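S.K.: Next up is a structure, given as structure tokens.
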Amino acid sequence: MASVVGEELEEISSTLEAARLAGDARWSEVVNKENFKRLVLGMIVQLFQQFTGMNIIMYYSTRIFQKVGVQEFVATAVVGIINFVTTFGTLVLVDKYGRKSLLLGGGMGMSVSVALGGVVIVLSGATFSSDQCSSDQLSKFQGGLVVFCVCLFVFSFALTWGPVAWVVTSEIFPLRVRGKCVSITTASNWTGNFLIGYGTPLLLASLGVKGTFFLMAVCNAAATFFILISLPETKGLSLEQIDKMFSGRSLLEVSEYRHYLRLLPNSRECLVWTRHLSVCLVVVVILGFAYHSLPHR
């Protein structure tokens, strides 16, 4: 343990010394050929972190939970607790499974969870819009499914895209230009936050919650695809190794996407899992609507 701490301390000291010797970079260095592609990558990653729709959930989860019969403070507490507690899991997983793997898994998890929430609302026939919905339009079972989907979405985000996007943008830049590049990627994150905050009421008014859920699912699928074909795995790599990896190569080349495609199950396994999942979803939906059709006091 002492040797590991000593190695880490020595690495930190050498990094600080290298930063001191490197001095301040010019803005022209930020947008040169080698750094510009990393800058674009970092900006898009931060934009997609906002376009996952997490802040849509954070801003409007109370309204969604209210419509299914949950008190407002309970909704805020549930989402906040899940978001807070789950983030600690990233401390363990990010160096075990890697940055790219977590982002891919989180993107798929968020896409599936909000898509399933939208399907539940569509099949229930509820007019689950931002300003018109009553709690009796969804049964307790259906409402519980929506709540579960929201919680699963928050869990997936807090474990992956929430913290890992910041890890990625702090690792991919050379030390000399890191400060300026990270500030630009952070500005893109807040730009996305502004667009989400400004546009969410318009989305809810025009698409309703179910339409917004489906749009979030599409955005998360697009984010997952972008990570697959553009982001390299930086787990366990030094600054010099990361610089060498990016040098003279396109984002498609450094992403090693073929390696991740080979990890996918083959077509026969996909069909088997799809059939099992479809049967489970059909059973859940049938039970939910059967419960909803029963007479209640």
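S.K.: Show me 32-39, 221-228 ranked by packing, highest mean number of other Cβ atoms within 10 Å first. Working shown, then result.
M.R.: On the way: 32-39: 15.8, 221-228: 19.2.
Put in order of decreasing packing, that is 221-228, 32-39.
S.K.: Quick one: work out Rg over Rh on the C-alpha atoms of the stretch 82-128, Rh as Kirkwood radius.
M.R.: When Rh is taken as the Kirkwood radius, the ratio is 1.18.
S.K.: Which pairs, out of Lys37/Lys180; Lys37/Lys235; Lys96/Lys235, put more than 18 Å between their alpha-carbon atoms? Mind dumping the intermediate values first?
M.R.: Numbers: Lys37/Lys180 14 Å; Lys37/Lys235 20 Å; Lys96/Lys235 8 Å.
Beyond 18 Å between Cα atoms: Lys37/Lys235.
S.K.: For the stretch 152-196, restrict the atom set to alpha-carbon positions and state the Rg and Dmax in Å.
M.R.: 12.3, 39
S.K.: Starting from the Cα of Phe141, step 7 Å along the direction of its Cβ; do the same at Gln241; then give the gap between the two resulting points in nm.
M.R.: Distance between label points: 5.2 nm.
Every number here is computed from the coordinates shown, using simple stated rules; none is lab data. Quick caveat: nothing in here was measured; it's all calculated off a predicted structure. FYI the Cβ positions are ideal-geometry reconstructions off the backbone, even for glycines, and counts take in every protein chain you see.
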